[in-house]
Amino acid sequence: MIFFRPILFILLLSISGFAQDYPPAMDYSAMMNIRYYENNGGFLIETLPIFFPPEDMSSVEFEVAESSGETKFKKNVYVNKWQKFPIVDGIRPQGSGIVKLKQEGDFVFRVNVAGKEITRIPFKMSVQNSGDPFNPQSTYTKEGPWSKLGYISVNPERAEDAISFNWWGRIGELPNGKGGMMTVQIMKSGKEVAASKGSFISKKSWQSASRKLKQSGSNSRNNFTLADLTKSDGTYEIVLKAGDKTIRTYIATVSGRKLQHHPRSAIDYSPHADYITPKIIYHGSGSASDNKMLDAYWVETK
């Protein structure tokens, strides 16, 4: 089965209500990294990047809804103009961006433009009770794309830099059920070609993790670059581990000496609400002037 294909940038799309060549889309990584509170099943929506923002930003809104369609949260956005990236704006809810769900069920977090869904994250909420009558506590966990997706990030302006692997993990995946390290291995034909240092996982719900990759073997101190990854065609396994335990394995494909993008990163992917941009905005020091636009090669578990 072929999981990846090149992105088609030559196709110009138009959707009624969008006054531009490409329809708006949210930075999918930023959507998945929205701050989450396990104690009340709540979110804090802060500034998120929107690619190809529409001319009429008054028509943009955040929404959290149940699978039945009932809206739990809906707000128009405040816009931050980022002069560094003409095709990107930062948006956040007008007023408070706090969403308190505190309930089980199936939900979708989406961004709408002129009433049309442009990006969505479906998720399921469950509650876990402490079982201690003297210290009754509830923890709300979420399930969704965090367990399936990850991405390789590359700085296109610095070919000599190590590529990074980015994923989401939680302590329930670790062998002892407590906080601990996760590491990354890149495997080709059963042989390790790159590895990372550990990233500490400490949350019951999904937390983001990112690690730079180094060459394996005698060159283990050297950066593992995009050129290293793409010097030979074939299928690569990205293995996420906790000690000797394999947590999950992602698949990446190199064809024609190019790392292939996920099908959902094709500019003509349909439905558009499930499109994943092949770019992410990396927040360096926290200042918008230090933001970087990185290439993102999304991968999925096999």
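Only the coordinates and a few stated rules stand behind these numbers; no lab work does. Being a predicted model, the structure only gives us computed values, none of them experimental. Neighbour counts are summed over all protein chains in view; Cβ atoms, including those assigned to glycine, are modelled from backbone coordinates with ideal geometry.
Summary of computed values
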| quantity | calculated |
| --- | --- |
| Number of the condition not met by Arg158 [criteria: (1) assigned to a loop (DSSP other than H, G, I, E, B); (2) surrounded by 17 or more Cβ atoms within 10 Å (Cβ to Cβ); (3) of a type in the set (D, E, K, R)] | (2) |
| Boolean, Gly243 is over 13 Å from Ile152 (Cβ atoms), touching a residue at least 60 places away in the same chain (Cβ under 8 Å) and either buried (at least 20 other Cβ atoms within 10 Å of the Cβ) or over 21 Å from the mean Cα position of the chain (by Cα) (or both) | yes |
| Only one of Ile50, Ile98 that is surrounded by 20 or more Cβ atoms within 10 Å (Cβ to Cβ) and touching a residue at least 12 places away in the same chain (Cβ under 8 Å) | Ile50 |
| Among (1) part of a strand (DSSP E or B); (2) buried (at least 16 other Cβ atoms within 10 Å of the Cβ), the one test that Ser208 misses | (2) |
| Yes/no for Asn80 being more than 20 Å from Glu66 (Cα to Cα) and part of a loop (DSSP other than H, G, I, E, B) | no |
| Yes/no for Ile171 being closer than 20 Å to Ala252 by Cβ and of a type in the set (Val, Ile, Thr) | no |
| Residue within region 129-140 that is on the phi < 0 side of the Ramachandran plot and within 14 Å of the chain's Cα centre (by Cα) present | no |
